[in-house]
Amino acid sequence: MRIVAFVLAVLTGLIVLVGYFIPALAPVESLLLNWAIILTGMAALVGVLNLILVHGTKITQREKGTVYSAILLVCLFATLVFGIALGPDHPAMLSLVNAIIVPVEASLMALLAVTLLYASIRLLRRRANLMSILFIATALLMLAGTATLPFGEIGLLNNFLRPWIQHVLALGGARGILIGVALGTLTTGLRVLSGVDRPYGGK
Amino acid sequence: MNLVGLGLVGFSAFLLLILSLIKRKSPPKLRNIPALTRLYRAVGLSVEDGTRLLIGLGSASLLTQYGGAPLAGLRLLRHLTERTSLSDRPPIAASGEPSLALLSQDTLEAGYQGAGAGEFYQPTTGRLTGMTPFSSMAGMIPIMHDENVSATVLVGHFGVEAALLAEAAERQNAFLIGSSDALSAQAALFASAQETLIGEELFAASTYLEAGASNSTSLTVQDVLRWIIILALLIGSGLKLFGII
């Protein structure tokens with residue numbers, strides 16, 4: 001069974017890869033990707049069942065945070081029932097998303113601004129080295145160069161230093177890191193394609 | 001242009017094959033990455049303490065261009081599971097994408113079987129904590145608080161929201177090592193996490209835990225390709241400077 005899974009995975013991977021480069025194979029590639037999307041949809045159902053199992057176990061065994069698990073399950077089932085009854089495009093369902101999920105995620109984003117500020121202040125206490133000092137100094141320079149200051153712009157900072165850091169140092173460094181990530185992605189993909197790494201099919 | 005891309009992939013595959021054959025018997029030489037040394041220590045401590053390891057795999061779909069980082073995360077998950085499978089508290093893998101959650105369960109099971117402890121595998125240890133990056137991260141924070149987690153490893157595609165978990169780890173006095181293929185997350189994690197893996201170090205993490213010949217070969221291929229790109233950039237700049245192109 002594992003051999004079948006391996007052969008299928010390698011063949012599918014190769015067809016999708018070659019289809020990306022050779023247009024003649026594009027329809028087959030597209031078909032396989034559509035199958036993958038359907039499977040991902042099924043995986044979402046399995047994931048939700050897993051979520052119910054995890055939180056159901058927490059409730060039955062009265063573990064820490066049982067109340068939150070109960071709230072999660074009640075909301076999950078309520079959303080499911082309303083979603084099936086009204087349909088996902090119904091104004092009530094849409095307002096449920098817009099009134100709860102969007103504001104909660106926006107709040108988390110706002111919280112993140114405070115978290116990052118606090119983390120930057122704490123950085124020097126945790127790792128007092130040259131890289132940390134450079135990190136904070138650059139962040140402060142960029143903030144001073146971007147923010148509206150009460151006494152107006154600082155000419156050298158706004159017209160020279162900030163654009164130079166942004167377009168020369170930061171962009172060059174970012175490209176270097178992204179090339180490294182791309183090469184890592186390439187070799188990881190090849191390892192999966194050649195079957196050295198098998199994140200499927202058990203042992 | 002398409003054929004150039006295919007050629008690059010083919011050349012990389014050829015290098016991977018040749019170098020695997022050449023380096024089959026030679027011991028791998030790896031440069032020191034302090035963050036991974038600390039991870040190695042934290043994993044050992046979590047087994048001794050009877051505390052739990054939390055591994056976050058991010059919320060990228062494997063069908064997108066960000067699929068490489070989660071695959072590297074699954075590879076690391078496999079090694080970490082093998083090392084910690086006999087601990088009193090099994091490691092938990094958290095994902096923000098359904099197919100990744102399924103694969104994490106499969107990988108956890110494979111890790112237990114690889115360690116000869118297949119009967120200890122629990123399907124609830126591979127969890128889908130949310131369907132969006134923020135909800136997934138928010139779903140991981142209670143695990144850290146309630147399930148005796150002493151070390152957290154983030155390996156996958158994360159955004160700046162990873163800093164929220166780093167902050168939670170700091171409050172919990174838990175060790176957190178963070179890595180992502182996104183630049184914004186790398187900057188956020190540099191400021192907030194105890195240890196950060198920058199750039200391609202993310203893909204080297206599992207090699208440091210289990211330095212086999214096949215693992216180190218992929219790092220050598222990356223180095224060779226990086227030098228080729230550096231040379232191409234330098235030659236291109238020179239040609240441009242002298243007005244040839």
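Test B:Ser104 against the criterion of being polar (S, T, N, Q), in contact with a strand residue (DSSP E or B) (Cβ under 7 Å, 6 or more places away or on another chain) and free of Cβ contacts under 8 Å to residues at least 60 places away in the same chain, and give yes or no. In short, yes. For the residues B:Ser192, B:Ser184, the requirement of being within 9 Å of chain A (Cβ to nearest Cβ), of a type outside the set (D, E, K, R) and without any contact (Cβ under 8 Å) to a residue 60 or more places away in the chain singles out B:Ser192.
For residues in the range B:42-60 being in a loop (DSSP other than H, G, I, E, B) and at pLDDT 90 or above, which is surrounded by the fewest Cβ atoms within 10 Å (Cβ to Cβ)? Only one residue tops the list, namely B:Thr51. Note on the range A:10-105: enclosed helices (runs of 4 or more DSSP H) holding 1 or more residues that are at the interface with chain B (Cβ under 8 Å from one of its Cβ atoms) are A:26-60, A:66-86. In this structure, A:Ala174 does satisfy being within 29 Å of B:Phe203 (Cα to Cα) and either surrounded by 14 or more Cβ atoms within 10 Å (Cβ to Cβ) or free of Cβ contacts under 8 Å to residues at least 24 places away in the same chain (or both).
The values are calculated or read from the model by the stated rules, or taken from the named source; none is laboratory data. This one's a predicted model, so the numbers in the text were calculated from it and none came from an experiment. Every residue, glycine among them, receives a Cβ derived from its backbone with ideal geometry; neighbour counts consider all protein chains shown.
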